[in-house]
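Accompanying notes for the structure given below.
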Amino acid sequence: MINSTVFDKELRDLQNRHLLRNIVSRSSSQGIVITIKGKKYLNFSSNDYLGLASHPEILKEACRALEKYALGSGASRLLAGGSDLHLKLEKQVADFKGTESALLFNSGYSANTGIIPAIASEGDVIFTDELNHASIIDGCRLSHARKVVFKHRDVSHLRRLLAVEKAPRKIIITDTVFSMDGDIAPINEIYAICSSANSGKRRPSVLLYLDDAHGTGVLGKGRGALAHFGLKPGPWIIQMGTFSKALGSYGAFAAGSRDVISWLTNTARSFIFSTALPASVIAASSESIRIIKKNRSLINRLWSNRNYLAEGLKSAGYDTMRSETPIIPLLRASAKEALRLSAYLFRKSIYVPAIRPPAVKEPRLRITVSSAHTKEQMDILIKTLKRYCKERG
Ligand SMILES: *Cc1c(COP(=O)(O)O)cnc(C)c1O
């Protein structure tokens, strides 16, 4: 092998700052217990909040679609790469989210980098929460709109910033559940701001774009953040969500009014210029929504697990930051300290990743809990973390 010297200096620099990442590969399916290099680990790192990634009915539907439609979809939807399953899933999503229409995207990342530039362009102003997901930041960059960052969940700051902007179109963008902090955006208050700004106008001038990646399947009986707050989707709201997290599958969607979805179909470049998702994946997402609607106990169990684990971690003396969802961070003093705790857990056969800059400013461990974790498994995590405190002082 030839030794590469193109980025050796930069890589060494990352290593010295404890920021060099490495990929951990499983030899098992994704789930509560995973196998890494032949050894079993208790997994607290997955966004598969409801255990649907390995649900037998969902796998059966995916297999059935694989047999009928084969593997690759061949082209983008506009070049006839889509199937009737794609269309059916869009109807199902619109019904689930209470909107007129919906459009599928290949991933959450490609949804944000496709939708944001389609709804915001030069001359518009985007108001974005400082902790919004990286894919939102990238979507904003691609849009050429001016970006104004508001303090995390700070509605009065947002209000002040909005008041001084005279742009004809303003777009407020927020994660519903923040992916590294596990707190929930004040969507009811932001909704009120938009609603009053748009009232009496034939053409709404303040749009609200919600990234419901971690709200879908988790909040509002699975319907997401708007349902959680008891809010109706107005024509000025675009809800983005993913099938890749609680729904256990892959891909994403935008849900909104008919004209917005039609506009996205015609202008979102990540939709137009990318091959459609395989029908087997679409069939799985479809079955996931059906199961969530039918089986309420899944989400109830997720929340009772979440509350049990969060209480346990707090009583063990850990700072869980602002978490109020199944995403539970454990704040650490430094990247090195985050890595040390993660490595300790790994030696005790528990997998919890350390999250470091640039993904977050404050280094932490990011625990995610699922409806499929047992009380015994959560107790093992809590007990091990308690022991770490005792051993390390
Ligand atoms: C995970 C995530 C995405 C990206 O979704 P993928 O389907 O994994 O590409 C977008 N936004 C947020 C808030 C996320 O957490």
Long-range lysine pairs (8 or more apart or interchain), the range 300-390, Cα under 23 Å: 19
Please work out the Cα center distance from the range 343-385 to the range 149-212, rounded to the nearest Å. 32
Residue-normalised accessible area of the range 1-151, expressed per residue, 1.4 Å probe, Å²: 57
Cα axis of helix 375-392 to longest principal axis of the chain: angle in degrees, 0 to 90, nearest 10? 60
Around Leu219, which amide H atoms from residues at least 5 apart in sequence, or from another chain, sit under 5 Å from its own amide H, with H modelled in the peptide plane? Gly224
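Send over a whole-number figure in Å² for the accessible area per residue of the range 248-393, probe 1.4 Å. If you can, show how the numbers build up before the last one.
Numbers: 6460 Å² over 146 residues.
Counting only protein heavy atoms, the per-residue value for the range 248-393 is 44 Å².
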Short version: ³J(HN,Hα) in whole Hz for each residue of the range 52-61, in order, from phi by Karplus 6.51 cos²θ - 1.76 cosθ + 1.60 (θ = phi - 60°), x for Gly and Pro, what are they? 6, 4, 10, 6, x, 5, 5, 4, 5, 5
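Need one number: % antiparallel among DSSP beta bridges in the chain, to the nearest 5. List each step's numbers first, then the result.
Numbers: 21 of 42 bridges.
Bridges in the chain are about 50 percent antiparallel.
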Run the accessible area of the range 40-113 with a 1.4 Å probe and give the carbon-and-sulfur part as a rounded percent. 58
With a point put 7 Å past each Cα toward its Cβ, work out how far Arg26 is from Lys390 in nm, to one decimal. 3.1
Starting at 0 and stepping by 10 Å, how many percent of the alpha carbon pairs of the chain end up in each bin? 5, 22, 30, 26, 14, 3, 0
Using only DSSP helix segments of four residues or longer, with each worth -39500 (n - 2.57), what per-residue ellipticity at 222 nm results for the chain after dividing by its residue count and rounding to 500? -13000 deg cm²/dmol
Helix 108-119 vs. the chain, principal-axis angle (Cα, 0 to 90°, nearest 10): 30
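Which value, in debye to the nearest 20, gives the size of the charge dipole of the range 287-379 about its Cα centre, when Lys and Arg are +1 and Asp and Glu are -1 at the Cβ? Please report the intermediate quantities before stating the final value.
Working: 18 positive and 8 negative charges, 47 e Å.
Dipole size: approximately 220 debye.
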With axes computed from alpha carbons, what is the tilt in degrees of helix 279-294 against the longest principal axis of the chain, rounded to the nearest 10 within 0 to 90? 80
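Distances longer than 18 Å among the Cα atoms of the range 142-205: what percent of all pairs is that?
Values: 834 of 2016 pairs.
Tail of the P(r) past 18 Å holds 41 percent of the pairs.
Multiply the residue separation of Lys293 and Glu57 by 0.36 nm, subtract the distance between their alpha-carbon atoms, and state the gained length in nm to one decimal.
83.5 nm
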Segment Arg146-Trp303, length gained on full extension (0.36 nm per residue, minus Cα span): 52.7 nm
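Heavy atoms only, probe 1.4 angstrom, no DNA, RNA or ligands counted: give me Val93, Val6 ranked by accessible area, highest first.
Working: Val93 5, Val6 105 Å².
The most accessible residue leads, giving Val6, Val93.
Of all accessible surface on the range 256-393 at a 1.4 Å probe, what whole percent is carbon and sulfur?
53
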Could you go through the range 347-363 in sequence order and give the Karplus-derived ³J(HN,Hα) for each residue, using 6.51 cos²θ - 1.76 cosθ + 1.60 with θ = phi - 60°, rounded to whole Hz, and x for Gly and Pro? 5, 8, 6, 10, 9, 9, x, 8, 10, 10, x, x, 4, 9, 7, 9, x
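The values are calculated or read from the model by the stated rules, or taken from the named source; none is laboratory data. Here the structure is a predicted model, which is why all the values come from computation and not from measurement. When we count neighbours, we look across all protein chains shown, and the Cβ atoms used for this are built from the backbone with ideal geometry, even at glycine. Note: areas computed on protein heavy atoms with side chains; ligands, DNA, RNA excluded. Shrake-Rupley method; radii C 1.70, N 1.55, O 1.52, S 1.80 Å.
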